[in-house]
Structures are given as structure tokens and as C-alpha cells.
1. Of 6/136; 36/114; 13/36; 114/136; 25/137, which sit over 25 Å apart, Cα to Cα?
2. Say each of residue 3 and residue 148 gets a label point 7 Å from the Cα, pointing the same way as Cα to Cβ; how far apart are those two points in nm?
3. Comparing 70, 84, 38, which has the greatest mean-square fluctuation in the GNM of the chain with Cα pairs linked when under 10 Å apart?
4. Taking the chain as a Gaussian network, Cα atoms linked when under 10 Å apart, which of 79, 138, 41 shows the biggest mean-square fluctuation?
5. Evaluate the charge dipole of the chain about its Cα centre and quote only its size in Debye, nearest 20, assuming +1 on the Cβ of each Lys and Arg and -1 on the Cβ of each Asp and Glu.
6. If I fit a long axis through the Cα atoms of helix 58-69 and take the longest principal axis of the Cα atoms of the chain, what angle between them do I get, 0 to 90°, rounded to 10?
7. At 222 nm, what value in deg cm²/dmol follows for the chain if DSSP H runs of at least 4 each add -39500 (n - 2.57) and the sum is divided by all its residues, to the nearest 500?
8. I need 51, 20, 112 ordered by Cβ neighbour count within 10 Å, fewest first.
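Any read-out appearing in this document is the output of simple, stated calculations on the displayed coordinates, not a laboratory observation. Values in this document were obtained by computation on a predicted structure and should not be read as measured data. Because the Cβ atoms are built from the backbone with ideal geometry, glycine has one as well, and the counts that use them run over all protein chains shown.
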Amino acid sequence: MPRRAKVVRRQVKPDPKYGSSLVAKFINKVMLRGQKATAERIVYQALEVASQRLKQQPVAVLEQATKNVTPLLRVKPRRVGGATYQVPVEVPPDQGLSIAMRWLIHFARSRSGKSMVEKLASEFVDAIQGQGASIKKREEMHKMAEANKAFVHYRW
């Protein structure tokens, strides 16, 4: 990260099937060892399964799931006079989206069950319905920020 110059963000090309850059970012996050075709197949099939269960458009399913999981606040450790305080700070929108996608994928992988398609689709459905491990993680993060609200004056 440069000290003076502004960081130039690369634009992710939209995916070929839905024309959505959000889906393309999600595919890139799911991808392991450069196997993009496999990641595309997993994400597209998971979106189809979740959209059939919820009777919504596939891209709308992903948008709603990431929106529900995106954290608004988090805590950052801040050292003041020999003591370390957990200071609540707001999460920037692009960073919040990245965290939400990471949580969705992580908790889908950690689910017991059949294929990754089924696990990811179930995680999408749970996220939209306001339940599941990724929503629980977001609520836990918000509770931590709320509990440390007294240290907000240490924020930069």
C-alpha cells in the first residue's frame, strides 16, 4: 500500500452468464488453485438451486445474501498508554462486501453435507432468511462493537 499515491482499484470484468461484477467477484473468491471453470460451475449451480428454493432471480439471491451478511461495524485494536482497547470502527462498503463473501464461502465449506453446490446454496438461503453461521458471525461482530462503544473516542 503506497504512502502517498492513491491506490488505483481494478475493475472486475462482469461474468459471462449474468453480466454482474458481483457474481464475478464471488467466483474469484470461490476459486481454488486457479480452477476458474470449476468455481464458475459451482457458483452458477448454487445460485440456480437457491433461486429455485426462494423463487427469486439468481443475481438477486446473491445480492440479498451478501447485503444481509455485510457487517457495518467492527473492532480494531488500538494501543493507548500500555493498554490495548478494542475500538469500534465503521466498515467501508467494499471491505464489508469482501468480508461478507469470505464468510459465506467459509461457512459453506465448513458445513457438513453433500457437494459444494448444495452447501453454498443452503448458505445463501440461510443468509437471506436471517439465520445460519454467517449471519451469526455478523451479529457477534456487532455485539462486540456495541460492547466496546465506550472506547469510540480512541478512534482515529
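1. Numbers: 6/136 35 Å; 36/114 21 Å; 13/36 14 Å; 114/136 22 Å; 25/137 21 Å.
In this structure, 6/136 lie more than 25 Å apart at Cα.
2. Using points 7 Å along Cα→Cβ, the separation is 2.7 nm.
3. 84
4. Fluctuation is largest for 79.
5. The calculated dipole for the chain is roughly 700 debye.
6. Helix 58-69 sits roughly 20 degrees off the main axis of the chain.
7. Values: 6 runs with 87 residues, N = 156.
Mean residue ellipticity, 222 nm, calculated: -18000 deg cm²/dmol.
8. On the way: 51 19, 20 16, 112 5.
Final ranking by Cβ density, sparse to dense: 112, 20, 51.
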